[in-house]
Amino acid sequence: MHTANSSKIEITTFFLIGIPGLEHLHEWISIPICFMYLLAILGNCTILFVIRTEPSLHAPMYYFLSMLAISDLGLSFSSLPTMLRTFVFNATGISPNACFAQEFFIHGFTDMESSVLLVMSFDRFLAIRNPLRYNSILTNARVAKMCLVFSIKSMVLMLPFPFALKSLTYCKKSQLSHAYCLHQDVMNLACSDNSVDFFYGFFVALCMLSDSVFIALSYIFILKTVMGIGSHKERLKALNTCVSHICAVLIFYVPVIALAFMHRFGNHKSPSATILIADIFLLVPPLMNPIVYCVKTQQIRKKVLGKLGLK
């Protein structure tokens, strides 16, 4: 610590936390956590490799799936270092600058994944609503521009976070609530006025919530279109193309919305429940998305099995 002024001592190290009360089991808990990270990284790298090397998968839907895999990898690599340090080596200290950088990347890739899920819902709507014009509307150039715009938007939206947190004074509390840094968690440690951070963080949360609203609207239009199809078999076929995306949306949004509300409004929240939901939010989507798309998307499943030498 060093002196900020004559009356305050500014904190220069934050302390992460694993699972309160289970510190003696952290080394054992680290085994499934490392296994989940390994599977998530291998799964998403496999998706990227298969799409990259298979010309038949060079289509808008699979380009968006590649973006989803990239955001999942970014989310995994952003949280992996401090998760390993906390659970494997019991090294809980982290400098403020490193913490601010980590929360920027975690929130940035989270917003990117939210944006990708939104554009994937538009992709599904367009494929069902206007299949004959699908390829002419979603050209490779347009898909590339959309991916680039959403990626830049996510990073620009999160860019004020580390600078806003750096402007705050931390002089009393240094214990974070997770094994990684989140904006709401760090902001609550400040002993100076954090109202600007609070309102901007709330604005970012609303932006992500708006993504989920637009996804819901997309599926309302999809259902309306499907109900207009005469054949029952064709209705099921059309809806089946959306199953993977619906699973990805639920896997992502349920924990992230629950975590946001617990941080913002949970005055009497259980620390263990918050930690569990936050860990699910970081670990489960990157792990499950490749599995869901391999199981439910026939083209991906066949190509992955083919690469592995299996039929």
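Computed quantities for the displayed model
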{"read-out": "Cα-based helix-to-principal-axis angle, 140-158 vs the chain, degrees rounded to 10", "value": "20 degrees"}
{"read-out": "Using alpha-carbon coordinates, inclination of helix 96-129 to the longest axis of the chain, degrees", "value": "20 degrees"}
{"read-out": "Over 30 Å (Cα to Cα) - which of 153/307; 224/303; 233/302; 153/233; 145/233 fall in this group", "value": "153/307; 224/303; 153/233; 145/233"}
{"read-out": "Accessible area, probe 1.4 Å, largest first, for residues 304, 243, 156", "value": "156, 243, 304"}
{"read-out": "The chain, relative contact order in percent, only Cα pairs under 8 angstrom and at least six apart counted", "value": "26 percent"}
{"read-out": "Surrounding net charge for residue 230, when Lys and Arg each add one and Asp and Glu each subtract one, Cβ distance under 15 Å", "value": "+3"}
{"read-out": "Distance between modelled label sites at residue 199 and residue 240, nm, 7 Å Cα→Cβ extension", "value": "5.2 nm"}
{"read-out": "Between the range 159-208 and the range 41-102, the Cα center-to-center distance that results, in Å", "value": "23 Å"}
{"read-out": "Listed values [x] 15.1; [y] 16.4; [z] 18.3, entry calculated as mean projected area of the Cα convex hull in nm²", "value": "[z]"}
{"read-out": "Rounded to 10°, Cα long-axis angle of helix 243-265 versus longest principal axis of the chain", "value": "20 degrees"}
{"read-out": "Net charge of Cβ neighbours under 12 Å - reference residue 79; Lys, Arg +1; Asp, Glu -1", "value": "-2"}
{"read-out": "In Å², nearest 10: area of residue 26 left accessible to a 1.4 Å probe", "value": "10 Å²"}
{"read-out": "Check: the chain dipole with +1 on Lys, Arg Cβ and -1 on Asp, Glu Cβ, in debye", "value": "1280 debye"}
{"read-out": "Theoretical FRET efficiency, 1/(1+(r/R0)^6), r = Cβ-Cβ of residue 167 and residue 224, R0 51 Å, to 0.05", "value": "0.60"}
{"read-out": "Contact order relative to length of the range 148-211, as percent, for alpha carbon pairs under 8 angstrom and 6 or more apart", "value": "31 percent"}
{"read-out": "Charge context of residue 127, other residues only, Cβ under 12 angstrom, K/R +1, D/E -1", "value": "+3"}
{"read-out": "Signed unit charges on C-beta, dipole axis of the chain, positive-most listed residue 199, 293, 186", "value": "293"}
{"read-out": "For the range 116-173, with +1 on Lys and Arg beta carbons and -1 on Asp and Glu, the positive-most of 156, 170, 137 along the dipole", "value": "170"}
{"read-out": "Accessible area in the full protein assembly, largest first, 1.4 Å probe, for 300, 19", "value": "19, 300"}
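The values are calculated or read from the model by the stated rules, or taken from the named source; none is laboratory data. Everything numeric here is computed off the predicted structure, so don't read it as measured data. Methodologically, a virtual Cβ is constructed for each residue, glycine included, from the backbone with ideal geometry; neighbour enumeration extends over all protein chains shown. Ligands, DNA and RNA are stripped out before the accessible areas are found, and what is left, the full protein with its side chains, is counted by its heavy atoms. Shrake-Rupley method; radii C 1.70, N 1.55, O 1.52, S 1.80 Å.
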